[in-house]
Amino acid sequence: MGSRLLIIGAGPAGLAAAWSAAMQGAGVTIIEKMPSPGRKLLITGAGRCNISAAGDEDSFIRRYFSGGRFLYPAFTNFFREDLLEIMNSQGIRFKTESNGKIFPVSDQAEDILRAWLSLCAKLNVNIISGNGAIKLLIDDNKIRGISTRNGDIEADAVIIATGGASWPGTGSSGDGYKMAAACGHTIIKPRPALVPVTIKQKWLRELQGISLDQTHLQLTKNGKRIAAESGELLFTHFGLSGPAILRISRNLPDFSLQLQDTQANWQLKINLVSDKKHEDLINLWRGQIAKNQGRTIVNALSRPFPSKLTNELLKLAGIDPTIRAADISNAQLDNLAMTCRNLILDIEGTRGYREAMVTAGGISLKEIDPRTMQSKLVRGLYFAGEVMDIDGDTGGYNLQAAFSTGVLAGRHAAAD
Ligand SMILES: Cc1cc2nc3c(=O)[nH]c(=O)nc-3n(C[C@H](O)[C@H](O)[C@H](O)COP(=O)(O)OP(=O)(O)OC[C@H]3O[C@@H](n4cnc5c(N)ncnc54)[C@H](O)[C@@H]3O)c2cc1C
């Protein structure tokens, strides 16, 4: 008889682990605390499921903010082509969009979930939904099973695949951190990541909907540079979003905890036009002013920003937006260009776990063997997916990491 494997969590990592272990002949049970599996998978890519990304393995690895190197063995064992092939076997076809993101042709995340459930069902994986794991049962540093809301279950091996703490309504509410910590694992401080940022300056709200595609951001804490990012920026009714903001957000603390870190002075210094030099900007404006001498300055400067943004920038630079274009001085134009290239905004917080696409931090990778996903502290205990200290960029990197680590953990846990 094969070994008895228990997997906690029926998300992408748990389902992939179950399939992989059952392929090796293990008897697999998944405990899922929500009434049905894969709730978060269903909302990925706005319901379209951006399952993976184009690019070679090295460039792929570089898109992880934490855990990139750790993922090499998991990717060597099971990478994008393997994932797409397994899905192909279930009748799913894929398309790669111009930005390298890979989606099912149907644009339905539901198809991906259905495929994994079908793969698991064919191998008699037992999925028990609506029952949460509460704690691990361990004897002499060897896993013996788990306690659930409905009693204890014995097992030869256990995989924790409970995800992070973001979008708690989908079931991922940080339980795995507590279970792992209780048996001695170090937890790198979890915090919302790939999350929009709220800004103190209220005038920003007027700019809702405006996006700029060539910006450079610097994040500072009490004046000290913490991180930098480039790319698209989006103004929203609460502050800022867009790819560059989402990427930089993992460097912010969990503001809901109101710790000392959250009381610090967090600021963003933004160059709104990183594709233009100071002189280029001045020359662009001079050309516009020459053609629109009699108009107000806010109406004359029609590029590179929409007038609502120009209006706010003029005010920040101490220039009355209603003065005649012809009346603006060289010093004022210079000042305006400086303002656009050094806009300083005060961070209030983030939109928190409710809107974070992933959780940065998690179970320390130092205590997990990357070749097997097994705990270095407890025999027979394995990890898969976002519960570990792994977080990647938007674009399919987080799902690929969940599937690849799941398959590797399942393969090795089946042998216990
Ligand atoms: C809105 C949104 C869109 C996203 N879009 C994309 C995308 O397009 N591409 C991409 O690569 N990534 C995307 N992500 C990230 C991606 O969804 C996650 O990284 C991925 O789902 C992690 O998989 P996982 O299996 O580790 O965890 P999860 O998907 O979080 O699954 C964990 C499972 O464990 C269960 N569980 C938790 N605690 C217990 C317990 N105590 N007992 C039993 N069960 C438990 C949960 O209910 C859940 O079903 C998105 C995330 C969000 C929030």
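The values are calculated or read from the model by the stated rules, or taken from the named source; none is laboratory data. None of the values given here were measured: they were computed from a predicted structure. Glycine also receives a Cβ, built like all others from the backbone with ideal geometry; neighbour counts cover every protein chain displayed.
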(message) Residues that are aliphatic (A, V, I, L, M) and surrounded by 24 or more Cβ atoms within 10 Å (Cβ to Cβ): list the helices (runs of 4 or more DSSP H) wholly contained in region 296-414 that include at least 3 such residues.
(response) 397-413
(request) Among the numbered conditions (1) surrounded by 15 or more Cβ atoms within 10 Å (Cβ to Cβ); (2) within 30 Å of Leu41 (Cβ to Cβ); (3) modelled with pLDDT of 95 or more, tell me where Val273 comes up short. (result) (2)
(request) Look at region 364-389 and say how many of its residues are in contact with a Gly (Cβ under 7 Å, 6 or more places away or on another chain) and either in the same structural domain as Gly242 (by TED's automatic domain parsing) or within 14 Å of the ligand (Cβ to nearest atom) (or both). (result) 6
(request) Taking Ile61 as the residue in question, decide whether it is of a type in the set (A, V, I, L, M, F, W, C) and in contact (Cβ under 8 Å) with a residue 24 or more places away in the chain. (result) no
(message) Can you report the number of residues in region 134-165 which are out of contact with any strand residue (DSSP E or B) (no Cβ under 9 Å at 6 or more places or on another chain) and within 14 Å of the ligand (Cβ to nearest atom)?
(response) 1
(message) So, in region 116-133, exactly how many residues are surrounded by fewer than 17 Cβ atoms within 10 Å (Cβ to Cβ) and within 11 Å of the ligand (Cβ to nearest atom)?
(response) 4
(message) Looking only at region 172-210, how many residues end up being small (Gly, Ala, Ser) and within 11 Å of the ligand (Cβ to nearest atom)?
(response) 5
(message) So if I check each of Gly45, Gly91, which one is within 13 Å of the ligand (Cβ to nearest atom) and at positive phi?
(response) Gly45
(message) Anything in region 38-49 that is part of a loop (DSSP other than H, G, I, E, B) and either charged (D, E, K, R) or surrounded by fewer than 23 Cβ atoms within 10 Å (Cβ to Cβ) (or both)? List them, or say none.
(response) Arg48
(request) Would you be able to say whether some residue in region 71-79 is in contact (Cβ under 8 Å) with a residue 12 or more places away in the chain, crowded, with 21+ Cβ neighbours inside 10 Å, within 7 Å of the ligand (Cβ to nearest atom) and among the hydrophobic types (A, V, I, L, M, F, W, C)? (result) no
(request) Pull up region 1-23, narrow it to residues that are over 27 Å from Gly396 (Cβ atoms) and out of contact with any Ser or Thr (no Cβ under 6 Å at 6 or more places or on another chain), then point me to the one that is modelled with the lowest pLDDT. (result) Met1
(message) Looking only at strands (runs of 3 or more DSSP E) that lie completely in region 76-135, which have at least 2 residues being in the same structural domain as Leu15 (by TED's automatic domain parsing) and aliphatic (A, V, I, L, M)?
(response) 126-129
(request) Among the numbered conditions (1) assigned to a helix (DSSP H, G or I); (2) under 16 Å from Pro12 (Cβ atoms); (3) within 10 Å of the ligand (Cβ to nearest atom), tell me where Gly169 comes up short. (result) (2)
